[in-house]
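Written out below as structure tokens is the structure these notes cover.
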Amino acid sequence: MRYLFRPPAAEAAGLLALPWHQPLEEWDEDLLLEVPQRGISRHVVRFTVSEGRVYALKEISEPLARHEYALLTEFEGEGLPSVSVLGICFDRPDDQQAILVTRYLEYSMSYRYLFSGPRAGQAPDQLLDTLVQLLVRLHLAGVYWGDCSLSNTLFRPDAGTYTAYLVDAETAERHGSLSPRKRAYDVELARERVGAELMDLAAGELLPAEIDPIEVANALPGRYEALWDEVTREEVFRADEQAYRVAERVQRINELGFDVGEIELVTSAEGARLRVETRVAEPGQHRRELGRLTGLQVQENQALRLLNDLRSFRAYLEQRRGEPVPETVAAHRWLTEVYLPVVTAVPPELAGRLEPAEFFHEVLEHRWFLSERAGFDVGTWAAVRSYVQYVLPRTPREVTTPSVIAARS
């Protein structure tokens, strides 16, 4: 047998003792971890734990495993939203298929779990929008997915919304750029697959009766084209408008969840032509700022929510002191006096049900709700106590992220 792991491969050492010579279906249950949030796969997929981290093991042919390994490595290097690949085991006895090893995406869920699990009741439109955003991001990077679907996507809560991640790249192709025809074909495949998946949910009575699977799926191409046009189109305007029109365009692209790379502005006697290069990596404007100030690594919408709270805290400090407070000083105090005490207030038996940054977001939402009802600001700590006592326990045990489940067992 042979193993191929990405550097640094220290974390792979604990996996080498697994029975790679056996078919994945025959592995001892004691070596595996049950993941309630998982979806349905056409391949044999199992989950295991090593050094506190959870890994997904997928049995596929060696050419497909090598292809997916190479693409996922590229995607991660470029910051595209996808699962992180660790390695491959191949040349297994008796001509067995290879096993692709990826790191489990913590706090993520399959679309089927979101509809049929304890958190049932998700709006298809919301998941469709995040799927379309992921597809546009991939197309901007020259990636033809070939199998875009809800099943091949993981959804991660992000401050009241979701972020979509590619989880299956077996059919994906990498090109310098994609032609309109290639993009259109990928979108059409996505429409067909999403329609079939929603019809399957409807047949299982997991979809609200008022939602028409075909109508939702048929809306996908229009949503895609609208977003693609918004982030790629060139604009022409008068030269005297360029200052605010450029700022408006950049802000609009940021609001849609994309970052801006190079901006080209060509002026002539007739006016100005604006071309904006849209970055393909995960949105990171607010994530980078929060990381710079606090060292926290969270998702983009979560980062925006946390930054807003940090700024409010800084304004409070300045009002109390009667003088300006340096940004770095306010950030350090917010981290140690507000954020960390809040996220560590979760009782051990409820740990892992929400990502820490998502828990903080939920507490802020709960604070607003309690304040509206009381007619005055109840404060963060009253909101924390109330949320932990009355709301968090109602979050189903099944949504606990696998690494926490593994730590307890």
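The values are calculated or read from the model by the stated rules, or taken from the named source; none is laboratory data. Just so it is clear, the structure is predicted and the values come from calculations on it, not from any experiment. All Cβ positions, even for glycine, are placed from backbone atoms using ideal geometry, and neighbour counts span all protein chains on display. The protein model used for the area step is the full one, side chains on, heavy atoms only, and it has no ligands, DNA or RNA in it. Shrake-Rupley method; radii C 1.70, N 1.55, O 1.52, S 1.80 Å.
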What distance in nm lies between label points placed 7 Å from Cα along the C-beta direction at Val236 and Leu16? 6.4 nm
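If packing is taken as the mean number of other Cβ atoms within 10 Å per residue, what is the order of 333-340, 51-58, 151-158, highest first? Numbers along the way, then the final one.
On the way: 333-340: 16.6, 51-58: 18.5, 151-158: 23.6.
With the highest mean Cβ count within 10 Å placed first, the list reads 151-158, 51-58, 333-340.
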Using a Förster distance of 51 Å, the FRET efficiency for Arg252-Ala407 (Cβ separation, nearest 0.05): 0.75
Relative to the present Cα-Cα distance, how much length would full extension add between Ala315 and Arg181 at 0.36 nm per residue of separation? 43.1 nm
Once Ala202 and Glu327 are pulled to full extension, the length gained, defined as 0.36 nm per residue separation minus their Cα-Cα distance, is 39.9 nm
With Cα springs under 10 Å, the Gaussian network model of the chain assigns the largest mean-square fluctuation among Asp95, Asp200, Asp259 to Asp95
About its Cα centre, what dipole magnitude does the chain give when the only charges are +1 on Lys and Arg Cβ and -1 on Asp and Glu Cβ, stated in debye to the nearest 20? 1040 debye
Under 10 Å, Cα contacts only: if you run a Gaussian network model on the chain, which one of Ser149, Ser50, Ser82 comes out with the highest mean-square fluctuation? Ser50
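Counting only complete DSSP H runs, which helices of the chain cover 15 Å or more along their long axis at the Cα atoms and score a mean Kyte-Doolittle of 0.5 or above?
Helix filter hits for the chain: 124-140.
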Nearest-20 debye value, the stretch 1-151 charge dipole, Cβ charges on Lys, Arg, Asp, Glu: 340 debye
What full-extension length gain, to one decimal in nm, is calculated for Val391 and Ser61 as 0.36 nm per residue of separation minus the Cα-Cα distance? 114.2 nm
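Would you work out what percent of the accessible area of the stretch 320-403, with all protein chains in place, is carbon or sulfur (probe 1.4 Å)?
Values: 2460 of 4430 Å².
The computed percentage sits at 55.
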Most fluctuating of Val378, Val187, Val136 in the GNM of the chain (C-alpha, under 10 Å) is Val378
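With r as the distance between the Cβ atoms of Met1 and Glu372 and R0 = 41 Å, compute the FRET efficiency 1/(1 + (r/R0)^6) and round to 0.05.
Working: r = 61 Å, r/R0 = 1.49.
Efficiency, rounded to the nearest 0.05: 0.10.
How big is the dipole moment of the stretch 279-409 about its Cα centre under a simple scheme where the beta carbon of each Lys and Arg is +1, that of each Asp and Glu is -1, and everything else is neutral? Debye, nearest 20, please. Walk me through the intermediate numbers first.
Values: 17 positive and 16 negative charges, 23 e Å.
Once rounded to the nearest 20, the dipole reads 120 debye.
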Dipole of the chain, positive direction: furthest Cα of Ser108, Ser149, Gly160, with charges on the beta-carbon: Gly160
Can you find, among Ala315, Leu206, Val44, the residue farthest towards the positive end of the dipole of the chain? Put +1 on the C-beta of Lys and Arg, -1 on that of Asp and Glu. Ala315
Considering Cα pairs under 8 angstrom that are at least six residues apart, work out the relative contact order of the chain and quote it in whole percent. 14 percent
Amide H of Val260 versus every other amide H placed in the peptide plane: which residues, excluding those fewer than 5 positions away on the same chain, fall under 5 Å? Arg279
Farthest toward the dipole's positive end in the stretch 127-259, which of Leu189, Thr130, Ile253, given Cβ charges of +1 (Lys, Arg) and -1 (Asp, Glu) about the Cα centre? Ile253
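Using 1/(1 + (r/R0)^6) with R0 = 56 angstrom and r between the beta carbons of Glu337 and Glu264, what's the FRET efficiency to the nearest 0.05? Kindly include the intermediate steps, with their values, before the conclusion.
Numbers: r = 45 Å, r/R0 = 0.80.
Using R0 = 56 Å, I get an efficiency of 0.80.
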